[in-house]
Amino acid sequence: MTEEKSLNFLEEIIEKDLKDGKHESIVTRFPPEPNGYLHLGHAKSICLNFGLSLKYGGYTNLRFDDTNPVTEETEYVENIKSDVQWLGFQWKNELYASDYFTQLYEFAETLIKKGLAYVDDSTPEEIAAQKGSPITPGSDSPCRGRNTEENLRLFREMREGKYKDGEKVLRAKIDMGHTNMHMRDPILYRIKHAHHHRTGDAWCIYPMYDFAHGQSDAIEKVTHSICTLEFVPHRELYNWFIEKLEIYPSRQYEFARLNLTYTVMSKRKLLQLVNEGHVSGWDDPRMPTISAMRRRGYTPESIRDFCDKIGVAKRDNLIDISLLEFCVREHLNKISLRRMVVFDPLKVVITNYEPGKTEWLPSENNPEGDQTTRQVPFSQVLYIERDDFMEVPPKKFFRLAPGQLVRLKSAYIIRCDEVVRNADGSISEIRCTYFPESKSGADTSGLQVKGTLHWVAASTAVPVEVRLYDRLFKVEDLSVMEGDFRDYLNPDSLKVISNAFAEPALKDAGGSDHYQFLRMGYYCLDPESTPQKLVFNRTVTLRDMWAKETKKS
RNA sequence: UGCCCGAUGGUGUAACUGGCAACACGCUUGAUUUUGAUUCAAGAAAGUCCAGGUUCGAGCCCUGGUCGGGCAACCA
């Protein structure tokens, strides 16, 4: 009884290919360049590529597109691998475009021998000029007529290191008047006397993306090479190489990249935020990177669910971040342990409770799941949230106010009798009476209250630090804003509560556990946390109808 | 002044491939609730960019527009 779900355009293509017998199973690949961290946009691509091969029987390779030694580093390779695995996917083969350098070099010689590539001595400026513009045809390079022998000799000399960076390039010989700019004699190889993270100094010429990607797909017999929309114009060239080199005909398909409200999703901009110190690093919990989201408390399940819900198509899109938040809340609600933490304490003294006495009261760990409980200490002096008390409450204020009754979660109903002030007039504590017969689980008081508050007993409270994250940017759609994207950074994206009070059960907080601090949102332990100083990250707030209500008036 | 994509509620994705638009998020209202959470119920919201055409019938097909995006790194 599988739920009948309509197919996206990629699934339609694959099902047709399978039905027509074009393929018996499919091979996809996830091809990151190791020059940055993976972000949510990559997660969409990962879920697609791995999801498709899982669904249709086949496999997915992890292939690092490492053709540019000057920007790529091993550190990125390791992080990318762990992010993919954390998301819950396993590749069939771990591969590198650099594994194919010898083969790609031979492909280049093949093209030269076929008279389809030539060595060009033009400068970068000259080549740019020769390209023309989208509306004007380009012009031939003076070197375009070089004969095969000379091209071969020169190309071999390029490889041997006879020339300096930029002195020569290898170009495909296609058509400088082509309407597709990418077909105007694109560069195939350039000289870079640079150390490569894997091949070391074995090479001083490196293939360009276009000459490496498609051929790598072919070598791996990738059936469906799925990439984002900006590569649509490259497809013609992709197919040209397949035809001229007579290699395995992988096919490229493109989908629209993910855009999210209130954030940026480009590696360049994210790198800038890191380098300029707007965030603490690639895994700063405000970043849309996978590692940041993991640190913030997102679960792989929720990210996969999100990628599933946003769908795949070819039109530009801007996904509302509230969908992402919905996905985490939905998962966290099911798995998180409930705990009580007071962020902004207001002292409450229960005047009719025996001083020095402590009662340990059971409270459920998760009302949605198993019915296990933990013990919470109750005593005469407590803390509640300052926001949960008002001297002159508005009409629908269900919390504590003079004369008003409220339940303390898993404990007793209390009534506020008196407000005690400091010399400056601020409230120092409030004095309440409790109703012994209203004890949670054994309530015979018959009292009805509209509100329930979280609380912490003062004597056993554990001081903790809580980091509250908000959206990184102030505006929903950065793409339509004028000026620099950094002008729109949200100055309040991080708020640190260094002295919150937690119930003692939180002393045993584990690294991978997710918590719901009652009425305060979902949290997890930050890696910077120590047993002496617990540090929690807010993953996401709870939905808050009351906040909406108060905002209205 | 070119070539290539795309256009369905506020957002995203559907519509059995031609039979008068569905699902999710968001929003509103109500019920339940020892989390103003969760859960549940109800509701508002597009007549499918425009104009023609084909057809008994078009969001799906054709033609012409309009609007949006992409394309000229020795980046990927």
Next item on the list: Please say if region A:195-271 is rounded, prolate or oblate, where rounded means a/c under 1.5 for a ≥ b ≥ c the square roots of the C-alpha gyration tensor eigenvalues, and otherwise the choice is prolate for a/b larger than b/c and oblate otherwise?
Entry: oblate
Notebook entry, point to check: Between the helical axis of A:235-245 and the dominant principal axis of chain A, each derived from Cα atoms, what acute angle in degrees is found, rounded to the nearest 10?
Noted result: 40
Next item on the list: Mind putting a number on the dipole of region A:9-255 about its Cα centre? Charges go on the C-beta only, +1 for Lys and Arg and -1 for Asp and Glu, and I need it in Debye to the nearest 20.
Entry: 400
Next item on the list: Determine the relative contact order of chain A: mean sequence separation of Cα pairs under 8 Å and six or more apart, normalised by residue count, in whole percent.
Entry: 11
Checklist line | Karplus-derived 3J(HN,Hα), 6.51/-1.76/1.60, for each residue of region A:179-196, Hz, glycine and proline x | finding: 5, 8, 3, 6, 9, 7, 6, x, 6, 9, 9, 10, 8, 9, 7, 9, 7, 9
Next item on the list: Kindly put A:Asp477, A:Asp210 in sequence by how many other C-beta atoms sit within 10 Å of each C-beta, fewest to most.
Entry: A:Asp477, A:Asp210
Check: What shape does region A:124-254 have by the C-alpha gyration tensor, where a ≥ b ≥ c are the square roots of the eigenvalues, rounded means a/c under 1.5, and otherwise prolate means a/b greater than b/c and oblate the rest?
Finding: oblate
Item checked: Antiparallel bridges, percent of DSSP beta bridges restricted to chain A (to nearest 5) -> 65
Checklist line | Eligible lysines near A:Lys44 by straight Cα distance, threshold 21 Å, same-chain separation 8 or greater | finding: A:Lys5, A:Lys55, A:Lys81, A:Lys92, A:Lys267, A:Lys269, A:Lys309, A:Lys314
Notebook entry, point to check: How about chain A: what cysteines have no other cysteine beta carbon under 4.7 Å from their own?
Noted result: A:Cys143, A:Cys204, A:Cys227, A:Cys327, A:Cys416, A:Cys432, A:Cys524
Next item on the list: Classify region A:442-533 as rounded, prolate or oblate, taking a ≥ b ≥ c as the square roots of the eigenvalues of its Cα gyration tensor: rounded when a/c is under 1.5, otherwise prolate if a/b is larger than b/c and oblate if not.
Entry: oblate
Checklist line | Alpha-carbon centroids, region A:128-184 and region A:259-293: separation in whole Å | finding: 38
Check: Alpha carbon centre of region A:1-79 versus region A:503-553: separation in Å?
Finding: 35
Next item on the list: Can you put A:Ile310, A:Ile413 in order of Cβ neighbours within 10 angstrom, beginning with the fewest?
Entry: A:Ile310, A:Ile413
Notebook entry, point to check: Which whole-number percent is the relative contact order of region A:9-255 (Cα, under 8 Å, 6+ apart)?
Noted result: 19
Next item on the list: Treating the angle as unsigned and between 0 and 90°, give the value, to the nearest 10°, between the Cα long axis of helix A:321-335 and the longest Cα principal axis of chain A.
Entry: 60
Notebook entry, point to check: Could you put A:His42, A:His514 in order, starting from the residue whose Cβ has the fewest other Cβ atoms within 10 Å?
Noted result: A:His514, A:His42
Item checked: Sparse-neighbour loop sites [GluC sites (Glu not before Pro); region A:471-534; at most 10 other C-beta within 10 Å; DSSP] -> A:Glu482
Next item on the list: Please work out how many pairs of lysine residues in region A:341-454 are eight or more positions apart (or on different chains) and have Cα atoms closer than 24 angstrom.
Entry: 14
Next item on the list: Quick one: divide the alpha-carbon radius of gyration of region A:9-255 by 2.2 N^0.38 Å and tell me what you get.
Entry: 1.05
Next item on the list: Return one number: the angle in degrees, 0 to 90 and rounded to the nearest 10, between the long axis of the Cα atoms of helix A:74-86 and the longest principal axis of the Cα atoms of chain A.
Entry: 60
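Every read-out reported here was derived from the displayed coordinates using simple, explicitly stated rules and does not represent laboratory data. In this text, all values refer to a predicted model and were calculated from it rather than measured experimentally. Cβ coordinates were reconstructed from backbone atoms using ideal geometry, including for glycine residues, and neighbour counts include every protein chain displayed.
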